[in-house]
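Engineer: Sharing a structure with you now.
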Amino acid sequence: MSKIIVYTKEGFQGRTAEFKNNVHDLEEKGFNKVISSLKVIGAPWVAYYGKCFVGKQRVFEEGEYPVLEDKAMFSSLKVVTADLGNPEIQLFEHVNYGGRDVTLYQETNLHNINFSDIASSHKVKGGVWVLYEYINRQGRQLVSFPGEEISSYLPISFNDIASHVRPLLPKP
């Protein structure tokens, strides 16, 4: 069984709560914008800055996170239940799937394939993908699920900044 345990203070201190299902609104649970550390058991979770799974996001895979870079900013949580097998994403240079494109099946530093800082849209054909603002899994994140097609990164302030992508992988 997958779950996320959240704490209001760093180092797994303060008030705590355990969630096994999606949380649309952390305010209803008394944990809106107060999570400072967390533990994930099982499947990955995505934390969203907005209620109902909108806004900036950050993925947390199984493990312990005693200090969070973006402390206390989360307003909703979603457990990743999608099939993580057969990852495939198609990135496009322009909005509405225009311009050059590249199809990827594994973690890729976009600098290495001359596609860094130009992606403006994508289609996820398989797996769950995390796009990063900077190489080496750094900076802002955009998590995208199977079948998801994002025709423009402009409304989500992610246009022309992706430098690294990777699929979430199933546990062996």
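Engineer: Can you say whether Leu169 is modelled with pLDDT under 95 and in contact with a Leu (Cβ under 9 Å, 6 or more places away or on another chain), as far as the supplied structure shows? First the steps, then the outcome.
Structural biologist: Details: modelled with pLDDT under 95: yes; in contact with a Leu (Cβ under 9 Å, 6 or more places away or on another chain): yes.
Yes: the conditions hold for Leu169.
Engineer: Let me ask something else about it. Residues that are free of Cβ contacts under 8 Å to residues at least 60 places away in the same chain: list the strands (runs of 3 or more DSSP E) wholly contained in the stretch 1-70 that include at least 3 such residues.
Structural biologist: Working: elements: 3-9, 13-19, 37-41, 45-48, 57-60, 63-65.
It comes to 3-9, 13-19, 37-41, 45-48, 63-65.
Engineer: Right, next: Determine whether Val59 is within 18 Å of Glu148 (Cβ to Cβ) and among the aliphatic types (A, V, I, L, M). I'd like the intermediate steps shown before the answer.
Structural biologist: Working: within 18 Å of Glu148 (Cβ to Cβ): yes; among the aliphatic types (A, V, I, L, M): yes.
Yes; evaluated as a whole, the condition is true for this residue.
Engineer: Sticking with this structure for a sec: Run down Asn136, Asn109 and say which single residue is outside the structural domain of Phe60 (by TED's automatic domain parsing), under 22 Å from Lys56 (Cα atoms), surrounded by fewer than 15 Cβ atoms within 10 Å (Cβ to Cβ) and not aliphatic (A, V, I, L, M). Full working, then the answer.
Structural biologist: Working: Asn109 fails: surrounded by fewer than 15 Cβ atoms within 10 Å (Cβ to Cβ).
Just one listed residue meets the conditions, Asn136.
Engineer: Also, I was wondering about something else. Residues being in contact with a Phe, Trp or Tyr (Cβ under 9 Å, 6 or more places away or on another chain) and closer than 18 Å to Thr81 by Cβ: count how many of those fall in the stretch 128-145.
Structural biologist: Taking the stretch 128-145 first, the residues in contact with a Phe, Trp or Tyr (Cβ under 9 Å, 6 or more places away or on another chain) are 128-129, 131, 133, 138-145.
Still in the list and also closer than 18 Å to Thr81 by Cβ: 128-129, 143-145.
Residues flagged as in contact with a Phe, Trp or Tyr (Cβ under 9 Å, 6 or more places away or on another chain) and closer than 18 Å to Thr81 by Cβ within the stretch 128-145 amount to 5.
Engineer: In the stretch 100-121, what residues are touching a Ser or Thr at 6+ places or on another chain (Cβ under 8 Å) and more than 23 Å from Asn136 (Cβ to Cβ)? Before you say what the answer is, go through the steps one by one.
Structural biologist: Kept after step one, since they are touching a Ser or Thr at 6+ places or on another chain (Cβ under 8 Å), are these residues of the stretch 100-121: 109-111, 116-117, 120-121.
Across the stretch 100-121, the qualifying residue is only Ser121.
The values are calculated or read from the model by the stated rules, or taken from the named source; none is laboratory data. Remember, it's a predicted structure, so these values are computed and weren't measured experimentally. Here Cβ is always computed from backbone atoms with ideal geometry, including for glycine, and neighbour counts include all displayed protein chains.
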